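Colleague: What follows is a single structure, and I will ask about it in a moment.
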Amino acid sequence: MVVRQYQQELEYLERLSPYCWKIKKGFQPNMNVEGIFYVNQTLEKLMFEELKNACRPGMAGGFLPGVKQIANVAALPGIVGRSIGLPDVHSGYGFAIGNMAAFDMNNPESIVSPGGVGFDINCGVRLLRTSLMESDVLPIKEQLAQSLFDHIPVGVGSKGIIPMNAKDLEEALEMGMDWSLREGYIWAEDKEHCEEYGRMLNADPSKVSTRAKKRGLPQLGTLGAGNHYAEIQVVEEIFDKWAAGKMGIEEKGQVCVMIHSGSRGFGHQVATDALVQMEKAMKRDDIETNDRQLACARINSQEGQDYLKAMAAAANFAWVNRSSMTFLCRQAFAKQFGLAPDDLDMHVIYDVSHNIAKVEEHIVDGVPKTLLVHRKGSTRAFPPHHPLIPVDYQLTGQPVLIGGTMGTCSYVLTGTEQGMMETFGSTCHGAGRALSRAKSRRNLDYTDVLRKLESTGITIRVASPKLVMEEAPESYKNVTDVVDTCHAAGISKKCIKLRPIAVIKG
Amino acid sequence: MSHKRFLNTLDYPQADSVNLNDEKTFRSVIVWLEENRIKGAPQAVLAKLKDLDSKDWHQVYSKYKDDLGCPVLESKLEELQWILGYAVQIEHLKNKNVYIKHAVENLQKENAPNVIAENPLDNLDFRSQEFADGIKELANALNTVVHPDPLITLKAVRKVICQRLAPDCVENPDKYVVKGTPFPYQDSDLGFDLKDPVLNQAAKILRMIYIQDLRNLQTKANELIVAVQSVTANPKTDTKLGKVGF
């Protein structure tokens, strides 16, 4: 790799608008397309600082800076359009988190890369609304949080309370949310308000290793650790009254429940297994990448197809997981309020996936093309009238759920036509890390973090308090900066702002 | 073998034991079909076909099948299949009335009790001024827009009556009258521009109607799922299994 001074590196970056920068070809070797990233002034500083630090002598090792990773992805075979960094972009394994890239399905050279999906396959966010107001919940907030905590096991090594055997798991992997429907854990309307209707049809459980299934079986219906959480939130601000109305959000103070979780150990094992296979495939097919972590295989190769089928099974696992937690949340609320979940109007507003690869139709340079769209730490944000979004949102555009960090706010955005054209209908996914986990542990004290949350009136139930500083707001970028950038750049539109009043997490 | 079924249908003698791969049998089957069922070729052609051992037989046959309109096919057996189908079709057309009597709908009709012998509506003159005026009056009474064609107005009126004036609907209007919040569709993005405000307005209305259709379809799908759930659903939880991690 070329070693350049920071000033020399800057020559490859060009500002296109106040919210977006271009990464020119040559920034990294063999770039097939240009890169682009969206930032505002605050986020821009973080991006450039990261690059500057990496240019200092002796800074080799660890993840490459986000900009470099975006450029390395632009060098992958078969990529079309641009390699896109969303405002919450930060370094990850191979692909930066907050990086989306699309590959032409009709180009035999095109690749699929597990690094472009992430280890937590189909990690995503689901938002339930209720007919309750903040004043209904505040008096029993503690009990409600405890009840949620009792229903939804959290943390590393947690086990779910929905009994499942190996056969159930096989069926769930193939059927996704249809399994949850069949077993009666969720409502018919839930499926309607979920990306892909909660089921990837190409899932093939036989392509998943026994090890992954063994890890996954006890974990269904558990939240997991890391940045995953379930929050009771209240509507703090409504930016788009009509769109919010379509989602059943009528006024400030209305109570919602947000679930942020993924495919747990199952998805992680699927990704790990695939990486081993892909390294072999790369050698065989002579695929060269700038970074070893960008292990990939041709979409049409055996390895590529196997991965897509296993990934789809992991995606289905994640949907069943979020569905099981939806069921448990409804139970917890119903118990506390002595009302049936339907009377509490606990409908799913939407369910998004922000770690996934999907086959989609897009217009590239005026020509319709079938693409394999990788979204890692990036959320699909389709515009109004798109055939793949639910009928209820045909006029508003797809709801995009942006989970904030523990204790900060979350947002609901809607997809736009401009996003469809500029970013293949993709937008940000959350706050995005600013400090690494290790750095957060070194710099912050967990008691301070917990005290701070309490002082803001947020009830918290956490399985591993000693790791809570990894997820402290200080360790993340400001989600409002991230969302404002997406809104200002026009790639999605602000609709609702939510503020947490109770958090449960691993 | 469908060849044999067809031959049976056409009453070919010993259809079951026929060996169509045998060239001579093939030729005689063709002759039999033409002579007894298709009866389309001129006498001269038929005579040549009948000469089963002739060297030119193939040439004659080839012209014969082209004249029938047989498309270019891969093998002789496929051609025979086509000719058999053609013959069956001729037979079917000949006895159409017999077959129609046995069609499912007609059998159902026959079995249904015959109640109304005379429908007074049959005697209505849909084009008369009286009819048009009556429909207009009805539409006005129901607050329905009148279309120049009274039959179209009648269709609209029928919809209103079926959807809003059914006995159950009159008794429980809340169950049927959709309560929604208005949506400013005028301001919504159409997704394309026809460069003509009137056309754009029309396209937006079509969008709305389409969305309503989709909504109804989705609601039916949901109802179906719920119906299935009433048979399959059996959600279970077992708190003993739960384990909080670290």
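Colleague: By accessible area of protein heavy atoms, probe 1.4 Å, what ranking do A:T370, B:T181 get, highest first? Can you show the working numbers first?
Modeller: Numbers: A:T370 40, B:T181 95 Å².
Output order, biggest surface exposure first: B:T181, A:T370.
Colleague: Show me you know the interface measure: the accessible area buried between B and A, both chains summed, probe 1.4 Å, in Å² to the nearest 100.
Modeller: Values: alone 19590 and 19110 Å², together 35750 Å².
What B and A bury together is about 3000 Å².
Colleague: While we're on this one: Kirkwood Rh, Cα Rg: Rg to Rh for the range A:250-354? Write out the running numbers ahead of the final one.
Modeller: Details: Rg = 20.2 Å, Rh = 16.8 Å.
Here the Rg-to-Rh quotient is 1.20.
Colleague: With every protein chain left in place, what is the accessible area per residue of the protein assembly as shown in square angstrom, probe 1.4 Å? The partial results should precede the final answer.
Modeller: Details: 35750 Å² over 752 residues.
I get 48 Å² per residue for the protein assembly as shown.
Colleague: Please give the direction-averaged projected area of the C-alpha convex hull for the protein assembly as shown, in square nanometres with one decimal.
Modeller: Values: hull surface 189.0 nm².
One quarter of the hull surface, i.e. the mean projection, equals 47.3 nm².
Colleague: Could you please report the charge total around B:E130, scoring K, R as +1 and D, E as -1 over all other residues with beta-carbon less than 14 angstrom from its beta-carbon? Mind showing how you got there, number by number?
Modeller: Values: positive: B:R127, B:K136; negative: B:D125, B:D133, B:E137.
With Lys, Arg at +1 and Asp, Glu at -1, the net is -1.
Colleague: At a temperature of 10 °C and a viscosity of 1.306 mPa s, determine how fast the range A:67-157 diffuses translationally according to Stokes-Einstein, using the Kirkwood radius over alpha-carbon pairs as Rh; express D in µm²/s, rounded to the nearest whole number.
Modeller: Details: Rh = 16.8 Å.
Translational diffusion coefficient: 95 µm²/s.
Colleague: For the range B:3-96, state the semi-axes of the equivalent ellipsoid (square roots of 5 times the eigenvalues of the alpha-carbon gyration tensor), sorted largest first and rounded to whole angstrom.
Modeller: On the way: eigenvalues 72, 50, 36 Å².
Computed over the range B:3-96, the values are 19, 16, 13 Å.
Colleague: Which value does Rg/Rh take for the range A:135-276 over its C-alpha atoms, Rh per Kirkwood?
Modeller: Details: Rg = 17.7 Å, Rh = 17.4 Å.
Computed over Cα atoms, the ratio is 1.02.
Colleague: Could you tell me how many degrees, from 0 to 90 and to the nearest 10, lie between the Cα long axis of helix B:197-232 and the main elongation axis, the longest principal axis, of the Cα atoms of chain B?
Modeller: Rounded to the nearest ten degrees, it is 80.
Colleague: Here's something else I'd like to know. What residue among B:V228, B:V145, B:V45 has the largest mean-square fluctuation in a Gaussian network model of chain B, using Cα springs under 10 Å?
Modeller: Fluctuation is largest for B:V228.
Colleague: Tell me which lysines have Cα within less than 21 Å of B:K220's Cα, excluding those fewer than 8 residues away on the same chain?
Modeller: A:K191, A:K246, B:K159, B:K175, B:K179
Colleague: Something else now. Residues of the range B:140-176 with the amide nitrogen closer than 20 Å to a label point 7 Å from the Cα of B:S128, along Cα-to-Cβ, please.
Modeller: Of the residues in the range B:140-176, B:149-155 have backbone N under 20 Å from the label point off B:S128.
Colleague: Run down the lysines and flag those whose C-alpha is under 23 Å from the C-alpha of B:K240, throwing out any fewer than 8 positions away in its chain.
Modeller: Here the lysines satisfying the reach criterion relative to B:K240 are A:K159, A:K167, A:K213, A:K214, A:K335, A:K505.
Colleague: Quick one: pull the percentage of alpha-carbon pairs in the range A:346-461 with a separation above 25 Å. Kindly include the intermediate steps, with their values, before the conclusion.
Modeller: On the way: 2558 of 6670 pairs.
Summing the P(r) of the range A:346-461 above 25 Å gives 38 percent of all pairs.
Colleague: Now for a different question. Taking the C-alpha atoms of the range B:120-179, how large are the radius of gyration and the largest Cα-Cα span, Dmax, in Å?
Modeller: So, for the range B:120-179, Rg and Dmax equal 13.5, 41 Å respectively.
Colleague: Which log10 I(q)/I(0) values, to two decimals, does the range A:208-254 give at q = 0.22, 0.27, 0.30 Å⁻¹ under the Debye formula with one point per Cα?
Modeller: -0.81, -0.98, -1.05
Colleague: Here is a further query. Taking the C-alpha atoms of the range A:189-338, how large are the radius of gyration and the largest Cα-Cα span, Dmax, in Å?
Modeller: 19.6, 63
Colleague: To the nearest 10 square angstrom, what accessible area does A:H228 show with a 1.4 Å probe?
Modeller: About 20 Å², rounded to the nearest 10.
Colleague: How long are the semi-axes of the equivalent ellipsoid of the range A:455-506, taking √(5λ) for every eigenvalue λ of the Cα gyration tensor, in whole Å from largest down? It would help to have the intermediate numbers written out before the result.
Modeller: Working: eigenvalues 149, 37, 16 Å².
Output for the range A:455-506: semi-axes of 27, 14, 9 Å.
Colleague: Using the Kyte-Doolittle scale, which helices in chain A average at least -1.0 and also have C-alpha atoms spread 18 Å or more along the helix axis, with helices defined as whole DSSP H runs? Walk me through the intermediate numbers first.
Modeller: On the way: long enough: A:41-55 (21 Å, -0.37); A:264-285 (31 Å, -0.67); A:302-337 (52 Å, -0.17).
Helices meeting the span and hydropathy rule in chain A are A:41-55, A:264-285, A:302-337.
Colleague: For chain B, take the alpha-carbon Rg, divide it by the Kirkwood Rh, and send me Rg/Rh. Numbers along the way, then the final one.
Modeller: Values: Rg = 33.0 Å, Rh = 27.1 Å.
Looking at chain B, the ratio lands at 1.22.
Colleague: Give the long-range amide H neighbours of A:V234: residues separated by 5 or more places, or on another chain, with amide H under 5 Å away, using H modelled in the peptide plane at 1.01 Å from N.
Modeller: For A:V234, the qualifying residues are A:C256, A:R499, A:I501.
Colleague: What figure, in Å² to the nearest 10, do you get for the accessible area of B:I90 with a 1.4 Å probe and non-protein molecules left out?
Modeller: 50 Å²
The values are calculated or read from the model by the stated rules, or taken from the named source; none is laboratory data. In this text the structure is predicted, and so the values were computed from the model without any measurement. Backbone-built Cβ (ideal geometry, glycine too); neighbour counts: all protein chains shown. Surface areas here come from the heavy atoms of the whole protein model, side chains and all, with no ligands, DNA or RNA. Shrake-Rupley method; radii C 1.70, N 1.55, O 1.52, S 1.80 Å.
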